[in-house]
Amino acid sequence: MLGTSGSSSLRLLLCFSSHEGKLETLRRLAQASAVSEKRILVVDDDPSLIRLIGEALRSRFHCEVDATPNPEYGFELALKKRYRVFVFDFSMPMIDGAMLFTLIGKVYNHVNPPIVVPPLILISGRGDEARAQELMKEAGVRGFLPKPFAMNRLMEKINEVAPDLAAPSRE
């Protein structure tokens with residue numbers, strides 16, 4: 001299983017599973033929300049980095065970017081809106097990026113009809129090569145960038161996993 005933040009992620013899952021009505025409402029929101037061909041979710045506990053990433057993504061791909069330093073809020077956003085790509089920090093307190101991706105995937109897979117989970121690019125200040133290789137074997141994890149990274153490297157990764165984002169906009 002991805003991630004190691006057991007207690008808070010378990011608490012998050014229990015919170016949602018113990019409130020069936022609330023979960024059903026969230027399922028309907030996730031299903032009803034139109035897929036944005038150009039929306040990316042960025043979750044990283046470094047506010048200055050998410051601001052830089054957001055600006056770079058908007059400039060390069062002319063897309064909508066939702067960015068938050070709070071994994072719990074990122075989870076809520078993923079249930080309310082549809083995204084083309086996820087960019088999560090692997091090393092965050094409480095819920096790491098891999099665990100957040102797993103939790104979102106569990107909800108997406110349990111709605112009817114199931115929602116396709118967007119590809120994930122993990123970024124981390126802990127560039128552990130062995131762990132990165134392990135994560136790359138997980139379904140949906142499509143890239144790993146150790147911090148610090150050149151912003152154009154992130155843009156290349158996003159272009160690899162979602163080449164349709166780079167399509168010229170109609171202006």
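Only one of 127, 143, 105 is modelled with pLDDT under 95 and in a strand (DSSP E or B); which?
143
In the set 118, 148, which member is out of contact with any Leu (no Cβ under 7 Å at 6 or more places or on another chain), over 20 Å from residue 164 (Cβ atoms) and part of a loop (DSSP other than H, G, I, E, B)?
Result of the check over 118, 148: 148.
Name the residues in the stretch 54-102 that are of a type in the set (D, E, K, R), closer than 22 Å to residue 151 by Cα and assigned to a strand (DSSP E or B), would you?
Within the stretch 54-102, 64, 66, 89 qualify.
Checking residue 48 against (1) more than 16 Å from the chain's Cα centre (by Cα); (2) modelled with pLDDT under 95, which test does it fail?
Result: residue 48 passes all but (2).
Does residue 134 satisfy the condition of being within 17 Å of residue 52 (Cβ to Cβ), open to solvent by 20 Å² or more (accessible area, probe 1.4 Å) and in a helix (DSSP H, G or I)?
no
Please list, ordered by first then second residue, the pairs with beta carbon atoms under 6 Å, 6 or more apart or interchain, first in the stretch 41-70 and without any contact (Cβ under 8 Å) to a residue 60 or more places away in the chain and small (Gly, Ala, Ser), second part of a strand (DSSP E or B) and open to solvent by 30 Å² or more (accessible area, probe 1.4 Å).
Matching pairs, first to second residue: 54/67.
Does residue 98 fit the bill of being surrounded by fewer than 13 Cβ atoms within 10 Å (Cβ to Cβ) and of a type in the set (Gly, Ala, Ser)?
When the stated conditions are applied, residue 98 does not pass them.
If the Cβ limit is 6 Å and pairs must be 6+ apart or interchain, which residue in the stretch 100-114 that is touching a residue at least 40 places away in the same chain (Cβ under 8 Å) pairs with which residue that is in a helix (DSSP H, G or I) and of a type in the set (A, V, I, L, M)?
Close Cβ pairs (under 6 Å, with a partner that is in a helix (DSSP H, G or I) and of a type in the set (A, V, I, L, M)) do not exist here.
Among the residues of the stretch 86-101, are any of a type in the set (Ser, Thr, Tyr) and over 15 Å from residue 41 (Cα atoms)?
Yes: one or more hits.
Restricting to the stretch 140-165, give me the number of residues that are of a type in the set (Gly, Ala, Ser) and open to solvent by 50 Å² or more (accessible area, probe 1.4 Å).
Going through the stretch 140-165 one residue at a time, the tally reaches 1.
Just one of 162, 78 is touching a helix residue (DSSP H, G or I) at 6+ places or on another chain (Cβ under 7 Å) and modelled with pLDDT of 90 or more; which is it?
78
The values are calculated or read from the model by the stated rules, or taken from the named source; none is laboratory data. Quick caveat: nothing in here was measured; it's all calculated off a predicted structure. Neighbour counts are summed over all protein chains in view; Cβ atoms, including those assigned to glycine, are modelled from backbone coordinates with ideal geometry. Heads up: the accessible areas ignore ligands, DNA and RNA and are worked out on the full protein's heavy atoms, side chains in. Shrake-Rupley method; radii C 1.70, N 1.55, O 1.52, S 1.80 Å.
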